[in-house]
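My structure is below; once you've seen it, I'll send some questions.
The values are calculated or read from the model by the stated rules, or taken from the named source; none is laboratory data. Remember, it's a predicted structure, so these values are computed and weren't measured experimentally. Neighbour counts run over all protein chains shown; Cβ positions are idealised from the backbone, glycine included. Calculation scope for accessible area: heavy atoms of the full protein, side chains included, ligands and nucleic acids excluded. Shrake-Rupley method; radii C 1.70, N 1.55, O 1.52, S 1.80 Å.
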Amino acid sequence: MQANALSEWLDRIICADALEVLPQLPSDTVDLVLTDPPYFLDKLDNEWTPERAARRFYKSQTVFHLPPGMKFDPNQGRRMYEWYLDISRELFRILKPGGFFFSFSSPRLLHRVACAVEDAGFHIRDCFLWLYTQNQPKAMGVSHFIERMPLEEPARQQLKERLRGWKTPQVKSCYEPIIVAQKPCDGTFLENMLRHGTGLFNTEVRIGQNMFPANVLLVEGIEETLDKYFLIPKPSVEERGAFNQHQTVKPLALCEYLIRLTVPEGAVVLDPFLGSGTTALAARTLKRHYIGIEINPEYAEIARQRLQNLTPSLFE
Ligand SMILES: C[S@@+](CC[C@H](N)C(=O)[O-])C[C@H]1O[C@@H](n2cnc3c(N)ncnc32)[C@H](O)[C@@H]1O
């Protein structure tokens, strides 16, 4: 496929499948990729749509009426790996030498995401942790299965009592891992920085009080010392936009931290799974260029609206 000049893509939101758009972007041009891909949970696969994601119940081969995130299908990981390998190979081609790739992941599929990124040629440099305490536990009790067993009532009650508190193996998930990968440098780190403007971290960036940048980020206040250094608050309604119905909006400050850590003003930040546009918003606020790709027209529109509401406009 013919690659177009990067300038044609800057500060645009493209509503399409990332796998179709990425091959059109020129090689060795983008400074940073920051993205939160779909997680392939419960057969949503790559056909992630708001309708499917919003639907509370999905069918599985074995158990009916389990909410999203509760079922286990080993093929999810394999499909995630194959699909993300294709995506990562394109991102590897598009990034400048030494360019960083931050990919959000999920605790259950982290290994597949990391292997896909590494097998595409990236060096895994770190794994940041984004911690929170507020999340719905997904574990499910077994009493309604016991209810359907052919047992006499006293035996049924006895079994229920014996298994009180025992649930499917899912604790409350309280973190999201963020893989930090890097395209290999062209020479040393310093040579790469001088040639391509990428490859080093800006260690003067701070969250909260004065401390060297760390790989732990908190979404809510947990404990005074931790909060002092790692706290990045959740997005407020004002920050997301009251019109923003996206289910997984990331905090602007989190994206800003990752951008400031890795690229200077004027750099180009790509998010191939833009959602409601947080990466683009953060890039623009920080005077970096963005390229956003989002398959869902409603979300692409929300992202455009959020960007329009930003004043003053920084590049026009
Ligand atoms: C986890 S969300 C990103 C949320 C985003 N970080 C935010 O703050 O709003 C992932 C997004 O990827 C989009 N998506 C899924 N498959 C895609 C594909 N093949 N190409 C482009 N976008 C896709 C989904 O519609 C969804 O909005």
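Which condition does Lys183 not pass, out of (1) in contact with a strand residue (DSSP E or B) (Cβ under 6 Å, 6 or more places away or on another chain); (2) open to solvent by less than 80 Å² (accessible area, probe 1.4 Å); (3) modelled with pLDDT under 95, if it passes all the others?
(3)
Something else: Somewhere in the range 269-281, is a residue more than 14 Å from the ligand (Cβ to nearest atom) and in a strand (DSSP E or B)?
no
Here's a follow-up. Please go through the range 15-35 and pick out each residue that is under 21 Å from Phe100 (Cβ atoms) and part of a loop (DSSP other than H, G, I, E, B).
Leu25, Pro26, Ser27, Asp28, Thr29
May I ask you to list the residues in the range 192-247 that are without any contact (Cβ under 8 Å) to a residue 12 or more places away in the chain, open to solvent by less than 60 Å² (accessible area, probe 1.4 Å) and within 16 Å of the ligand (Cβ to nearest atom)?
Ser236 - this is the single residue of the range 192-247 that is without any contact (Cβ under 8 Å) to a residue 12 or more places away in the chain, open to solvent by less than 60 Å² (accessible area, probe 1.4 Å) and within 16 Å of the ligand (Cβ to nearest atom).
With the condition kept exactly as written, say whether any residue in the range 254-268 is free of Cβ contacts under 8 Å to residues at least 40 places away in the same chain and out of contact with any helix residue (DSSP H, G or I) (no Cβ under 7 Å at 6 or more places or on another chain).
yes
Counting only residues that are open to solvent by 20 Å² or more (accessible area, probe 1.4 Å) and within 9 Å of the ligand (Cβ to nearest atom), how many does the range 251-267 have?
1
Identify, from the list Leu151, Leu190, the residue that is under 30 Å from Val33 (Cβ atoms) and hydrophobic (A, V, I, L, M, F, W, C).
Leu190
Now a separate question. Hey, could you check the range 80-95 for residues that are away from the ligand (no atom under 15 Å from the Cβ) and surrounded by fewer than 22 Cβ atoms within 10 Å (Cβ to Cβ) and say which is nearest to Glu176 (Cα to Cα)?
Only one residue fits best here, namely Tyr81.
Cβ-Cβ distance below 6 Å, separation of 6 or more or different chains: which pairs start in the range 145-164 with a residue that is surrounded by 12 or more Cβ atoms within 10 Å (Cβ to Cβ) and end on one that is in a loop (DSSP other than H, G, I, E, B)?
Listed pairs, sorted by first residue: Leu163/Val142.
Being farther than 22 Å from Phe128 by Cα, away from the ligand (no atom under 12 Å from the Cβ), over 15 Å from the mean Cα position of the chain (by Cα) and buried (at least 22 other Cβ atoms within 10 Å of the Cβ) is true for just one of Arg288, Arg304. Which residue is that?
Testing whether each residue is farther than 22 Å from Phe128 by Cα, away from the ligand (no atom under 12 Å from the Cβ), over 15 Å from the mean Cα position of the chain (by Cα) and buried (at least 22 other Cβ atoms within 10 Å of the Cβ) leaves just Arg288.
Now, a different point. Residue by residue through the range 93-113, note down the ones that are touching a His at 6+ places or on another chain (Cβ under 9 Å) and of a type in the set (D, E, K, R).
Listed by number, the list holds a single entry, Lys96.
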